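Undergrad: Here it is: the structure, laid out below.
The values are calculated or read from the model by the stated rules, or taken from the named source; none is laboratory data. Given the structure is predicted, the values throughout are model-derived calculations rather than measurements. No Cβ is skipped: glycine too gets one built from the backbone with ideal geometry, and neighbour counts run over all protein chains shown. Ligands, DNA and RNA are excluded from the accessible area calculation, which covers all protein heavy atoms including side chains. Shrake-Rupley method; radii C 1.70, N 1.55, O 1.52, S 1.80 Å.
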Amino acid sequence: VRLNNISTMVSMDDSTNRTTGTISIYPKVVDLSAQKSSIQCLIAKAKKLFQDNYSDSSSSDSNNYVCIVAPGRVNLIGEHVDYTGGFVLPFAIEYSTVVYGYGTWTSSSSSSLRVISDLYPNDPLIVENFTFEEALNEWQPNNDQKWTNYVIGVIKEYLPLFLPTSSIKGMNMTVSIASNVPTGGGLSSSASLLVAMAIFLECLLVNTADDRNELLSVVYPTANPYEIQRALKCQHAEQHYCSTPCGIMDQFVSSAAQPNSLLLIDCEQMSFSTIELPAATKVCFVVCNSHVKHDNANGEYPIRVEQCEQALTTIQQALRELLGMDAVLPTSLRHVAVEHLNLLKANTDKFHDFLSSVLWKRTHHVVTENQRVLDCAEALQNANWVKVGKLMNESHESMKVDYEVSCDEIDSLVHWATAQGVYGSRLTGGGFGGCTVSLCNVDEADALMENLQQKFKETYNKSCTCFITVPEDGARRVLL
């Protein structure tokens, strides 16, 4: 896999802020007036939900109120490679999750937690009189109230950081959540919730700490970029408390995205660079939601993760047989090269079973997809939309044939888009339904959306939803 002509990456070893040159430890802060109207409406919805359900809210100190916005995302290319250490190229979208409320970290060991979501208004989370030790040792995932696992999972990631301190022994937190990120659509609704909750906890710490610098050093124990550290906490929460064997991409881009830019993320090195779209570009991204639902935790996603692990073991054994016991072997599918695949194909008699197996198909997708991501990043920098579109089309075919995560509705949407003359179109997200993303000229977007919606209705007797999007800002605190 080659990486040419890509701007300097920010990594876990980069201790400085990309813009100011100072250490990055505080969440991004913006004014409400700077937010788009849809975000302002979502914030108003979260505030109303809070006021309608917490009658005692008016007695709280207004200085303790915090409002966080974290976006969903679209992955332009680089699907199902983040959990094998590969390259991905996502960007944040306007659809977001808002976490609004107040709270304090206290010196008392008795804690309380109240959370309500606009998606589940009749199913609030209420936990009274608990200790940090009880939360860490006794709280278990709730299969009857699954949405709360994303909230509790993040809280459990942060609580261990405060156990050694003398100043923080408990917390009291009251929160409302409003989101317009489609659930089960492959646009990372779960990551936007995880990241928003994480920043909310960080802001409460900043607001109430007596020794702010000391406690911030507990949250961010190294000088590594806070976006990456936060993303790792959120990924761990989703993996271990929500039972989803996810990679790092979704949490990473929601935390670190920048306006008008895609993020080229190296999921092994935990580094990223921004690929800024040219000014006054005449292309846009059209996302089409099929509303075919998927559940990554209970579907085919975990099977694909296991298949990649099995494929790596098989390849290592084959290369050791061909190259000798002292051969340097790939440590992940990220490091399996096309040359490795060609070597195995040159020995068909020995490895016929593997070459004709599902594991070979999964490997072929990962190896070729990683190269497509790097080629796409270079093409974006050169505004080579034809090349970007070609790579998108190849990616979808690979996901359809080699990785087998597409479905009839998604394949139809891609076919109709490409037949209409877009630069490229592909499945985006984990698959098994969800959304497509198409690259087209701005003046062709409305006709594309109308055509997709009409054909989808005629073919499947149900509706799909289309919207135009551009790369948006990442997670931030909004001052009200």
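Undergrad: Dipole of the chain, Cα-centred, from +1 at each Lys and Arg C-beta and -1 at each Asp and Glu C-beta, to the nearest 20 debye?
TA: For the chain, the charge dipole is close to 560 debye.
Undergrad: What accessible area per residue comes out for the chain, rounded to a whole number of Å², with a 1.4 Å probe? Please list the in-between numbers first.
TA: Numbers: 19510 Å² over 480 residues.
The answer is 41 Å² per residue.
Undergrad: So which of LYS47/LYS462; LYS387/LYS457; LYS146/LYS233; LYS282/LYS457 end up more than 25 Å apart by C-alpha? All intermediate terms of the calculation are to be shown ahead of the outcome.
TA: Numbers: LYS47/LYS462 34 Å; LYS387/LYS457 31 Å; LYS146/LYS233 19 Å; LYS282/LYS457 29 Å.
Exceeds cut-off: LYS47/LYS462; LYS387/LYS457; LYS282/LYS457.
Undergrad: From the Cα gyration tensor of the stretch 73-191, with a ≥ b ≥ c the square roots of its eigenvalues, which class applies: rounded if a/c is under 1.5, or else prolate if a/b is larger than b/c, or else oblate?
TA: On the way: a/c = 2.25, a/b = 1.64, b/c = 1.37.
Prolate, because a/c is 1.5 or more and a/b exceeds b/c.
Undergrad: Farthest toward the dipole's positive end in the chain, which of PRO121, GLY153, CYS466, given Cβ charges of +1 (Lys, Arg) and -1 (Asp, Glu) about the Cα centre?
TA: It is CYS466.
Undergrad: Further question: What is the stretch 350-437 by shape, rounded, prolate or oblate, if you read a ≥ b ≥ c off the alpha carbon gyration tensor as root eigenvalues and call it rounded for a/c under 1.5, prolate for a/b larger than b/c, and oblate otherwise? Show your work: numbers first, answer last.
TA: Details: a/c = 2.51, a/b = 1.36, b/c = 1.84.
Oblate, since a/c reaches 1.5 and b/c is not below a/b.
Undergrad: Figure the gain on full extension for SER463 and ASN137 (residue separation times 0.36 nm, minus the Cα-Cα span) and round it to one decimal in nm.
TA: Working: separation 326, 0.36 × 326 = 117.36 nm, distance 4.54 nm.
Gain on extension, SER463 to ASN137, equals 112.8 nm.
Undergrad: Let me ask you something else. Classify the stretch 226-318 as rounded, prolate or oblate, taking a ≥ b ≥ c as the square roots of the eigenvalues of its Cα gyration tensor: rounded when a/c is under 1.5, otherwise prolate if a/b is larger than b/c and oblate if not. Provide the component values of the computation, followed by the final result.
TA: Details: a/c = 1.67, a/b = 1.51, b/c = 1.11.
Prolate shape, in that a/c is at least 1.5 and a/b is the bigger ratio.
Undergrad: Just report the Cα centroid separation between the stretch 110-154 and the stretch 369-390, whole Å.
TA: Comparing the Cα centres of the stretch 110-154 and the stretch 369-390, I get a distance of 43 Å.
Undergrad: Further, regarding this structure: Compare the Cα positions of TRP385, VAL366, ILE303 along the charge dipole of the chain (+1 at Cβ of Lys, Arg; -1 at Cβ of Asp, Glu; about the Cα centre) and return the one farthest towards the positive end.
TA: TRP385
Undergrad: Across 10 Å bins from 0, what is the distribution of all Cα-Cα pair distances for the stretch 329-480, in whole percents?
TA: 10, 31, 30, 19, 9, 1, 0
Undergrad: Also, I was wondering about something else. So if I place +1 on the C-beta of Lys and Arg and -1 on the C-beta of Asp and Glu, and nothing else carries charge, what would the dipole magnitude of the stretch 39-110 be about its Cα centre? I want it in debye, nearest 20.
TA: Values: 4 positive and 6 negative charges, 28 e Å.
Dipole magnitude for the stretch 39-110 comes out near 140 debye.
Undergrad: In addition: At THR281 and ALA447, where each label point lies 7 Å from the Cα along Cα→Cβ, what is the point-to-point distance in nanometres?
TA: My value for the distance between the label points is 2.2 nm.
Undergrad: Taking the Cβ-Cβ separation of GLN145 and VAL338 as r and a Förster radius of 35 Å, what is the calculated FRET efficiency to the nearest 0.05? Can you show the working numbers first?
TA: Details: r = 47 Å, r/R0 = 1.34.
Plugging the Cβ-Cβ distance into 1/(1 + (r/R0)^6) gives 0.15.
Undergrad: Could you look at the stretch 363-480 and say what percent of its accessible area is carbon and sulfur, using a 1.4 Å probe and all protein chains?
TA: The C+S portion of the solvent-accessible surface of the stretch 363-480 is 46 percent.
Undergrad: Quantify, in whole percent, the carbon and sulfur part of the accessible surface of the stretch 222-304 (1.4 Å probe; protein heavy atoms only).
TA: Here it works out to 51 percent.
Undergrad: Hydropathy first: keep DSSP H helices in the chain averaging at least 1.6 on Kyte-Doolittle, then drop any whose Cα extent along the axis falls short of 15 Å, and list what survives. Please report the intermediate quantities before stating the final value.
TA: Values: long enough: 37-53 (24 Å, -0.11); 147-162 (25 Å, 0.67); 189-208 (29 Å, 1.72); 226-241 (22 Å, -1.28); 301-323 (33 Å, -0.14); 358-381 (35 Å, -0.35); 385-401 (24 Å, -0.48); 408-419 (16 Å, 0.00); 445-460 (22 Å, -0.93).
Helices passing the filter in the chain: 189-208.
Undergrad: Another question, if that's okay. On the accessible surface of the stretch 48-132, probed at 1.4 Å, how many percent belong to carbon and sulfur atoms? All intermediate terms of the calculation are to be shown ahead of the outcome.
TA: Working: 1280 of 2950 Å².
Of the solvent-accessible surface of the stretch 48-132, carbon and sulfur hold 43 percent.
Undergrad: Mean residue ellipticity at 222 nm from the helices of the chain, using -39,500 (n - 2.57) per DSSP H segment of n ≥ 4 over the full residue count, to the nearest 500 deg cm²/dmol?
TA: Working: 14 runs with 200 residues, N = 480.
One gets -13500 deg cm²/dmol as the mean residue ellipticity at 222 nm.
Undergrad: Return the FRET efficiency for the residue pair GLN269, VAL30: r is the Cβ-Cβ distance, R0 is 41 Å, and the value is rounded to the nearest 0.05. Mind dumping the intermediate values first?
TA: Details: r = 29 Å, r/R0 = 0.71.
According to the calculation, E is roughly 0.90.
Undergrad: Compute, for HIS240, the solvent-accessible surface of its heavy atoms (probe 1.4 Å) with the complete set of protein chains present, and express it in square angstrom to the nearest 10.
TA: Ignoring ligands and nucleic acids, HIS240 comes out at about 120 Å².
Undergrad: Projected onto the charge dipole of the chain (+1 at Lys/Arg Cβ, -1 at Asp/Glu Cβ, origin at the Cα centre), which of THR104, TYR54, TRP139 gives the Cα projection farthest towards the positive end?
TA: The residue sitting farthest along the positive end of the dipole is TYR54.
Undergrad: Something else: Once you place label points 7 Å from the Cα toward the Cβ at GLN420 and ASN384, how far apart are they in nm?
TA: In this crude spin-label approximation the distance works out to 2.7 nm.
Undergrad: Let me ask you something else. Suppose a student asked you for the relative contact order of the stretch 56-188, using Cα pairs under 8 Å spaced at least 6 residues apart; what percent would you report?
TA: 33 percent
Undergrad: How far, in nm, would the chain grow between TYR120 and LEU329 when pulled straight, counting 0.36 nm per residue and subtracting the alpha carbon separation?
TA: Working: separation 209, 0.36 × 209 = 75.24 nm, distance 4.88 nm.
Between TYR120 and LEU329, full extension yields an extra 70.4 nm.
Undergrad: Also: Points 7 angstrom from Cα along the Cβ direction at SER38 and THR106: gap in nanometres?
TA: In this crude spin-label approximation the distance works out to 4.0 nm.
Undergrad: Moving on to the next point. Quick one: dipole size for the stretch 368-480, taken about the Cα centre, charges +1 on Lys/Arg Cβ and -1 on Asp/Glu Cβ, in debye to the nearest 20. Walk me through the numbers on the way to the answer.
TA: On the way: 10 positive and 17 negative charges, 50 e Å.
Roughly 240 debye for the stretch 368-480.
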